[in-house]
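Undergrad: Pasting a structure here, questions to come.
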């Protein structure tokens, strides 16, 4: 039994570390959690094949205290959005993104959404999914060399007057990424948003290939 207890102890420790990072519970809650699990670890053998997180969670939920572990892990969800105005390049991206959203609809760790909407609707999308991270893809011509560029947008650091002007433009129909983000800041979305911009080239499929490849790697890292 010694080897089985050793293996199970390591797995329970890993599960507890994940819980601590997600929730950072108070000392009393942590102590109760560990005390309960310690008693179970000393009495029970892990079942064969208990190497994945889902199986371990089943074990912890069955034998541990009634903590909402799965709800906590749902907070790892990443929202991958894309913003496109009407253009041939954007049409290609929308088709590819819609296909990926359908393909990975069964993965609870990632959501792919068309955010080619005004800032108010984008705020609703973010709040609906309550993700741990938001990534927005967009085409944006800024005179750079063609390719992908990543940046972090801190909505809470935006000038409020500028943000209000962006919100007004967004509600009037602008689908510019800067306008969308400024509108989110005006609406009080206090989070850091990762923005992946593609500087277009002469090829219609250039940005589609780069964005889809980047997004696919993001999805597979969470849904493998």
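The values are calculated or read from the model by the stated rules, or taken from the named source; none is laboratory data. Computed from a predicted model, the values in this text were never measured in an experiment. Don't worry about glycine lacking a Cβ; one is built from the backbone with ideal geometry, like all the others, and counts go over all protein chains shown.
Undergrad: Check the stretch 116-123 and report whether any residue there is at pLDDT below 55, touching a helix residue (DSSP H, G or I) at 6+ places or on another chain (Cβ under 7 Å) and surrounded by 16 or more Cβ atoms within 10 Å (Cβ to Cβ).
TA: For the stretch 116-123, residues at pLDDT below 55, touching a helix residue (DSSP H, G or I) at 6+ places or on another chain (Cβ under 7 Å) and surrounded by 16 or more Cβ atoms within 10 Å (Cβ to Cβ): absent.
Undergrad: Considering the stretch 119-144 alone, what residues qualify as being in contact (Cβ under 8 Å) with a residue 60 or more places away in the chain and more than 24 Å from residue 208 (Cβ to Cβ)?
TA: Correct list: 119, 120, 123, 126.
Undergrad: Identify, from the list 132, 98, the residue that is closer than 21 Å to residue 175 by Cα and loosely packed, with under 15 Cβ neighbours inside 10 Å.
TA: Within the list 132, 98, the selection yields 98.
Undergrad: In this structure, is residue 151 at pLDDT 90 or above, in the same structural domain as residue 81 (by TED's automatic domain parsing), in a loop (DSSP other than H, G, I, E, B) and touching a strand residue (DSSP E or B) at 6+ places or on another chain (Cβ under 6 Å)?
TA: no
Undergrad: Could you check the stretch 157-224 for helices (runs of 4 or more DSSP H) lying wholly inside it with 2 or more residues that are in contact with a strand residue (DSSP E or B) (Cβ under 8 Å, 6 or more places away or on another chain) and surrounded by fewer than 18 Cβ atoms within 10 Å (Cβ to Cβ)?
TA: Result: 206-223.
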